[in-house]
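Data first, discussion second: the structure below is written as structure tokens.
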Amino acid sequence: MSSPLTLSRDDARRFHRRAVLLDGPRATLAATLDHLAWIQIDPINVCGRMQDLILRNRVAGYGEGDLMRHLHGGDTVLSAEQRTAFEHHHPGSHILVAFACSAWPFLHAEMDARSRRTGAWSGRLTPREKQLSHHILKEIETRGPLSSDAIDDDRVARKVWGQASLAKATLQKLFFHGRVLIAARKGSRRFYDLPERVMPASWLTAPRPNGAEIERWLAVNRLRQHRLVCLRRTELSQVADLVQPIRVEGAPLLHSLKEDLPLLDSPEPNTKKDAPTPLLLAPLDPLIYDRKITSTLWDFHYRWEVYTPAHRRVRGYYALPVLADVDLVGHADLKADRTKNRLIVMSCRVRRGVKATPAVRTLAHFLGLKGVGRPTQSVAKKADGKDSLE
């Protein structure tokens, strides 16, 4: 492994934002997915869905919902051989992501492990679920992609969060185990099909990697997703030949991919006119996903508060961090009012002198909304005694 490279804080931040593709969009969604390894998917839609908020800053001409069209097709569902990417849960978590099809062989070990564990939502099938699964798989084989409400069974799942039907819980487990895949979506409703009708045959039949190969793949993908990370000792042993250690004063030892090092030679903006315009980041954007990096390198203490009780929220239900050049300068808590065709600013706090309005208006345009407004009963927060939305 190479000797550590020492960078100033500003140089490290500039390198980080370039490496996660925030300084210039890629031409295609496929190229962006290849660069970042995966894109996190989340159904919550307050001011755009997570995946769209991540990709709109990185893909040229990206439109709302383009990731789902890339995965499954538009009005016509893609055939298996037409697909280049798919949805599945990231190993070791319940995080749903978009992967390139090349990831499929590396998921088998985790899918098999889930099918043997106990767990109401992703673990092994209960006797009732196992019995119903035979019927579900036969129905899918005969009828094609099906959602849970197309299964003729009115039983309720036990020990599952919420009031899920037994059919939904069973399909979810079959998906976690890799026995069905998401073939299409209509809104938030999933339609499942057999893997051989979703995954290209070349990847479906590809050899399964061994444990060491999987561990290396996971470590590389973590580096690809975040580009600047604190590697654990076990991860470092898997990818020592691929990484460059980086020292930044006040931060733990960081690691990047050697392939990203040419980004350090990119010219720096030398005037305010050349500096990147402020961006609204997704709450789980790759740049800020790792709280330790966000805190120690970017001096920004951020928590996505969608699951935080209202009285404990600091920034708001769905606050988007604001990135201005090499500084995270505040947030904008936004809500799309589709009825009134406006993007509502619930609160906005940014550093004095930073203009957040253009970024908010750009998001409104992306969402197809005609304007920006305030809540009927203002709950806008104040900064320094005045409205900070400039």
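The values are calculated or read from the model by the stated rules, or taken from the named source; none is laboratory data. Only a predicted model underlies this, so the values are computations on that prediction, with no experimental measurement involved. All Cβ positions, glycine included, derive from the backbone under ideal geometry; neighbour counts span all protein chains shown. Surface accessibility is based on the protein's heavy atoms, side chains included, excluding ligands, DNA and RNA. Shrake-Rupley method; radii C 1.70, N 1.55, O 1.52, S 1.80 Å.
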> Taking the highest mean first, how do the peptides 8-21, 355-368 order by number of other beta carbon atoms within 10 angstrom per residue?
Replying inline: 8-21, 355-368
>> Here is the link list: K186/K340; K138/K173; K130/K186; K186/K370; K138/K159; K292/K335. Which ones come out longer than 21 Å on Cα distance?
In response: K186/K340; K130/K186; K186/K370; K138/K159; K292/K335
> On full extension of the chain, what length is gained from L263 through T376, given 0.36 nm per residue of separation minus the C-alpha to C-alpha distance?
Replying inline: 36.1 nm
>> Test of understanding: what is the full-extension gain from D75 to A30, defined as 0.36 nm times their sequence separation minus their Cα-Cα distance?
In response: 14.2 nm
>> Within the range 1-159, what whole-number % of the accessible surface is contributed by carbon and sulfur, with the 1.4 Å probe and all protein chains included in the calculation?
In response: 50
>> To check my understanding: the extent here is largest minus smallest coordinate of the Cα atoms along each principal axis. What are those three numbers for the range 94-205, in Å, largest first?
In response: 38, 30, 26
>> If you roll a 1.4 angstrom probe over the protein chains with everything in place, what fraction of the accessible area of the range 279-332 belongs to carbon and sulfur, to the nearest %?
In response: 51
>> So for the range 200-331, averaging the separation of alpha carbon pairs under 8 Å that are six or more residues apart and normalising by length, what relative contact order in percent results?
In response: 18
> By average Cβ neighbour count within 10 Å, what is the ranking of 164-174, 283-293 from highest down?
Replying inline: 164-174, 283-293
> What list of whole percents do you get for P(r) of the chain, with Cα-Cα distances grouped in 10 Å bins up to the one holding the largest distance?
Replying inline: 4, 20, 29, 26, 16, 4, 0
>> I'd like to compare 142-151, 212-221, 96-105: which one has the highest average count of other Cβ atoms within 10 Å, and what's the full order after that?
In response: 96-105, 212-221, 142-151
> What 222 nm value per residue comes from the helices of the chain, counting each DSSP H run with n ≥ 4 as -39,500 (n - 2.57) and dividing by all residues, nearest 500 deg cm²/dmol?
Replying inline: -8000 deg cm²/dmol
> Around L323, with a cut-off of 10 angstrom between Cβ atoms, what is the net charge of the other residues, counting Lys and Arg +1 and Asp and Glu -1?
Replying inline: -1
>> Quick check for you: which residues of the range 171-203 have the amide N under 17 Å from the point 7 Å beyond the Cα of S147 toward its beta carbon?
In response: 171-172, 181-193
>> Just the number please: accessible area per residue for the chain, 1.4 Å probe, all protein chains included, in Å².
In response: 48
> Label points 7 Å out from Cα along the Cβ direction at V314 and S102: separation in nm?
Replying inline: 3.9
> In nm, to one decimal, how far is the modelled label at K130 from the one at T339, with both set 7 Å along Cα→Cβ?
Replying inline: 5.0
> How much length, in nm to one decimal, is gained on full extension between R351 and V156, taken as 0.36 nm per residue of separation minus their Cα-Cα distance?
Replying inline: 65.1 nm
>> If I model a spin label as a point 7 Å beyond the Cα along the Cα-Cβ vector, how far apart are those points for R233 and D112 in nm?
In response: 2.9
> So what are the radius of gyration and Dmax for the Cα set of the range 119-171, in Å?
Replying inline: 10.6, 31
